[in-house]
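Colleague: Pasting a structure here, questions to come.
The values are calculated or read from the model by the stated rules, or taken from the named source; none is laboratory data. The structure displayed is predicted, hence computed values, not measured ones. Quick reminder, even Gly has a Cβ in these numbers, built from the backbone with ideal geometry, and neighbours come from all protein chains shown. What goes into the accessible areas is simple: the full protein's heavy atoms, side chains included, and nothing from ligands, DNA or RNA. Shrake-Rupley method; radii C 1.70, N 1.55, O 1.52, S 1.80 Å.
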Amino acid sequence: MKHFKIILAVLLLSACSNIKKENFVERILKDGVEQTQELKIDFVTKTGEIESPYLNTIRCTKLNSIAFPEGKLKNAVKDQEIVPYDLLKTKIEYGTPTYYTLFTAYHFIRASRYYNNLMKEFVEPKLNEEDKDIIVSIAENMPIANNNSNFVYSPNHGINPSSVYHKVGHRYEAFLRTQTKAKYKENRYISIGFMEYFTTSLNDSPLIFEGAVPTIMVRNVSTKLSYPINRELHNTYHSILDLKKAYSDTYKNENSTMHRYIDIVLKSKETLEQFLDTHSAGMYISYPLWKIRETIGAKKADHLIMHAWTMLADEAKNNTTFYQANNGEVVDNTIDWYTVVHALLKADQIENKGENGELIKAIFASINLPVEQVQ
């Protein structure tokens, strides 16, 4: 009788569930190979809505162009139209609005859950409610329209989950920076380096945006970079030149959004050359973190690296106590590479009794950093 009651309870719960269980087959490029993967969709209701603590609404648009009145980026005006999608369709064709919308929703929820579960042990993540409303746009070649709430896909390129993980990561990076009142040495490239580590770890691939953008725009965190940072290659101006090269065919059309955007930005050449591109320079941090992952495994590395990331603001307050500066080197309470090393060593001491300490030192020493000065 007891057994019957348990079965009846399960049946009643199932009958009351508003979720329609479905499978979705995605097609992506990963590590140079086109792969298909069947995803279990457990967030679409029987009426075709989304039900998730991480995502409220998605709109889908066709983005035709972007205008820049008075030649200023801040006055950008999008010419776009709402397009319908149907999350209850049984056969979803690649490249359709429904495909892009379901793909984005799945990976957005997955990444949000991933960050939330990793971070909550150290600091309770609290994002703005409006962060749960996003837009999926279909455009020819307008990655410039991308922002943390607008996911742009082009029929000229493939899609990759890292594009979604990257944007979700930006939300949690901003939250953590604000919550801990972190002060970074220069243009927060270190924080972006941590964020991009999690982009790649969740995607289980060192390549960011693979297949979704021209090859020159794909970032690879397994590519070794050594300090000091090459400021000629990793400044914001150089990154805009890469964008111009990547979309050279589109840029040839003087009336294209890409052409107008690039020309406006390049007018600030002297200013752009002075600043590190946070994403490009961030690879100087992502690389050693990825090397740690390669050695101790994803699960252990993710936990350790998240622990260290949440400690950076507090560790920086003690920079002068654990870092022996060179003559003339200015050390203050902003987060620098030595703050990262010390935070990783401290987190490893707490979690693993320091068993990875020598590994951490060796990896950062291999990129030409004087780790012996970190005590």
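Colleague: Relative contact order for the chain: what percent, with Cα pairs under 8 Å and sequence separation of 6 or more?
Modeller: So the answer I get is 14 percent.
Colleague: If the limit is 19 Å between Cα atoms, which of K183/K299; K62/K132; K183/K317; K167/K317 go over it?
Modeller: The pairs that break the limit, which is 19 Å between Cα atoms, are K183/K299; K62/K132; K167/K317.
Colleague: Given all pairs of different Cα atoms, what value in angstroms does the Kirkwood hydrodynamic radius of region 255-310 take?
Modeller: 14.3
Colleague: Please calculate how many Å² of accessible area region 70-202 carries per residue, with a 1.4 Å probe and no DNA, RNA or ligand atoms counted.
Modeller: 43
Colleague: If I compute solvent accessible area with a 1.4 Å probe over the protein chains, what percent of it on region 179-272 is carbon and sulfur?
Modeller: Accessible surface attributable to carbon and sulfur in region 179-272 totals 48 percent.
Colleague: Using Cα positions and a limit of under 21 Å, work out the lysines in reach of K300, with same-chain residues fewer than 8 apart set aside.
Modeller: By straight Cα distance, K300 reaches K120, K291, K346, K353, K361.
Colleague: Say the dipole of region 108-239 comes from +1 at the beta carbon of Lys and Arg and -1 at that of Asp and Glu; which of I144, A182, P125 then lies farthest toward its positive end?
Modeller: A182
Colleague: Express in nm, to one decimal, how much length is gained between N147 and T47 on full extension, taking 0.36 nm for each residue of separation and deducting their alpha carbon distance.
Modeller: Gain in length upon complete extension: 33.1 nm.
Colleague: At 222 nm, what helix-only mean residue ellipticity would the chain give, in deg cm²/dmol to the nearest 500, using -39500 (n - 2.57) for each DSSP H run of four or more?
Modeller: Helix contribution divided over all residues of the chain: -14500 deg cm²/dmol.
Colleague: Sticking with this structure for a sec: Between L241, V265, Y251, whose Cα lies farthest towards the positive end of the dipole of region 220-265 when Lys and Arg beta carbons carry +1 and Asp and Glu beta carbons carry -1, centred on the Cα centre?
Modeller: L241
Colleague: Same structure again: When only DSSP loop residues count, what trypsin sites (Lys or Arg not before Pro) in region 99-157 have their Cβ near at most 16 other Cβ atoms within 10 Å?
Modeller: K120, K126
Colleague: Would you work out if region 175-228 is rounded, prolate or oblate? Take a ≥ b ≥ c from the square roots of the eigenvalues of the alpha-carbon gyration tensor; rounded if a/c is under 1.5, else prolate when a/b is larger than b/c, oblate otherwise.
Modeller: It is prolate, given that a/c is not under 1.5 and a/b is the larger ratio.
Colleague: Excluding same-chain residues fewer than 8 positions from K30, which aspartates and glutamates have a Cα within less than 14 Å of its Cα?
Modeller: Reachable aspartates and glutamates: D204, E210.
Colleague: In straight Cα distance, which aspartates and glutamates are under 15 Å from K267, not counting same-chain residues fewer than 8 positions off?
Modeller: The reachable aspartates and glutamates, counting only those whose Cα sits under 15 Å from K267, are E70.
Colleague: Ok, one more. Count the net charge of all other residues whose Cβ sits under 12 Å from the Cβ of P84, scoring Lys and Arg as +1 and Asp and Glu as -1.
Modeller: For residues surrounding P84, the net value is +1.
Colleague: Dipole of the chain, Cα-centred, from +1 at each Lys and Arg C-beta and -1 at each Asp and Glu C-beta, to the nearest 20 debye?
Modeller: Approximately 720 debye in magnitude.
Colleague: Just check region 159-304 against the gyration tensor rule for me: Cα atoms, a ≥ b ≥ c as the square roots of the eigenvalues, rounded for a/c under 1.5, and otherwise prolate or oblate depending on whether a/b exceeds b/c.
Modeller: Prolate.
Colleague: Tell me whether the chain comes out rounded, prolate or oblate; compute the Cα gyration tensor, take square roots of the eigenvalues as a ≥ b ≥ c, and use a/c under 1.5 as the rounded threshold.
Modeller: Taking the square roots of the gyration eigenvalues as a ≥ b ≥ c, the chain is oblate.
Colleague: Roughly how many whole Å is it from the C-alpha centroid of region 93-131 to that of region 281-307?
Modeller: Distance between centres, Cα-based: 21 Å.
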